[in-house]
Amino acid sequence: MSHDFSDIDILFVIFLSTKFGITILLTTITFTISKKVNKVANRWLTVFILGLSLVFLIDPLREFNDNFTHSLLFFCKEIIVFLIPISLYLAVHSFVKPIKTLTRNDVILCIPWGVDILLKSFSFFSEDVFITENEWYQPWYDIFFIAFCIFTLVKSSLTILKHQKSIRYLSADVYRIDLKWLLYLLLAPTTLIFTEIIFSFSSSYTLIYIADVVEFLLLFYMGYHIVLQKEIFPYEKTQLENIDKVIKHQQQPDTENFALSASKIEEVKSVILQYMIEKQPYLESNITLPKLATGLQMKSHFLSYFLNTHFHKNFYSFINEYRVEESKKILVDPNKKHLNMLGIAFESGFNSKTTFNTTFKKITGVSPSNYRKQQTTN
C-alpha cells in the first residue's frame, strides 16, 4: 500500500529506527557484560532489553504497512510483551541473591505470560481479527498488562530496598554494592509504563512524540548504569553459601541459633576484640564479613550472628565505629596536620570523603572538620 509521507513523518520514522538501533546496541553490551560480572542477572537484563528492541522495531514498520498487525513478526512481538517485565524482575532477584535459583513464586509469575501466549496463538491462527484488536478485549488487556508491570516493578523495588539493609551485615562499604543504580534503573521501565498508557489511551500525537523522546533519553540512562555496574558478590562458591545463610538469617532471625555458654561468649568476644586491636582489619578499604571471618577462622554466618547478638551491631556499624575512632586520633595528631579530609578518610579505611563525612557525623554528631576545630580549641 502506498503512503504519502511528510518531512515530519520521515524524521519520526528515522527517530523510531534510531531508538531500535540503540536497544540492539544495549543488548549487545549487556550480553558482553554478562560474561564478566553478575552473569545470571545480566543475562536476564539482556532478555529485557532484547524484548524492548522488538517492541521498538514494530513502531517504524507500522508506518509502512497498514496490515502489519497480521504479520508473523507482529505476532512474535505480541507473545513476548509479558516476558519484558518478568525478565526485569528476574534480573533484580538475580542481582540480590548470592546463589541464583528459580523459586516457585518465580514460576507462578510466568503463568500470565503462558495464558497470554495461548490466547494470542489461538487468535492469530484461527481468527480474522487479532485478539488485541478486539474492541471489548483490548482495553481490559491494556489495564491488566499495566497492572502486572506495576506489580513486578513494586516487588522489584522492595527487593532492592531489602537488599540494601542486608548488605550492612556483609560489607563496611555498602555504597559500592547497594544497587542504588538498579533502583534508579527501575525508574526507566516505570516511565515506559506511563508512556505505554499514553500510547494506549491517548490520540494526541504531541503526547506520543513527547513519550517517544522520553523513552529515547531513558535508553541512554539505562546504558550508563549498566556499563558502570560492579560485581555484587565477588566471592568463592563456599563463601557465597555462607553469605546466603547470613542474608536468610537476617530475613528470618529464628532460622538458626548458636547455643553458646556464657564463658564461650566471653571467649569469642575476647578473640574478636584482640584481633581488631592487633590486625586492624578496619583499615582495609575493601574489608568484608567473609574476609574478617577468614582472619578469625570463623564461619561468616556465625560471625554475623555473634556481632548482631552479642555486640548488638551489624558488620557495617562494627567496622565503621573502629574507623571513626581511628580518624579521631588522626584528626588531633600534630604529625598528621598536613592531611586533608580525603587523606584522613583513606588513612582510616574509608573509600571516599563522602562516606567518611556521613559516617563520622552519624556516630559523633559533628562533622570531621568541626571535630578537629573543637579539639584544637580545647
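Taking R0 as 41 Å, what FRET efficiency do you get between residue 271 and residue 337 from their Cβ-Cβ distance, rounded to the nearest 0.05? Efficiency at R0 = 41 Å is approximately 0.65. The listed peptides 84-97, 261-274, 347-360, 231-244, ordered by packing as a protection proxy, come out as 84-97, 347-360, 231-244, 261-274 (highest mean of other Cβ atoms within 10 Å first). Once the Cα-Cα distance is subtracted from the 0.36 nm per residue extended length, the residue 214 to residue 237 segment shows a gain of 4.1 nm. A Förster radius of 41 Å combined with the Cβ-Cβ distance from residue 17 to residue 367 puts the calculated FRET efficiency at roughly 0.20. Computed from the Cβ-Cβ distance with R0 of 51 Å, the FRET efficiency linking residue 297 to residue 79 stands at 0.40.
Pairs of alpha carbons in the stretch 237-377 separated by more than 26 Å make up 33% of all such pairs.
Values quoted throughout were computed directly from the atomic coordinates according to the rules given, and no laboratory measurement underlies them. Predicted, not measured: the structure shown is a model, and the values here were computed from it. For neighbour counting, all protein chains shown are included, and Cβ atoms are generated from backbone atoms with ideal geometry for every residue, glycine included.
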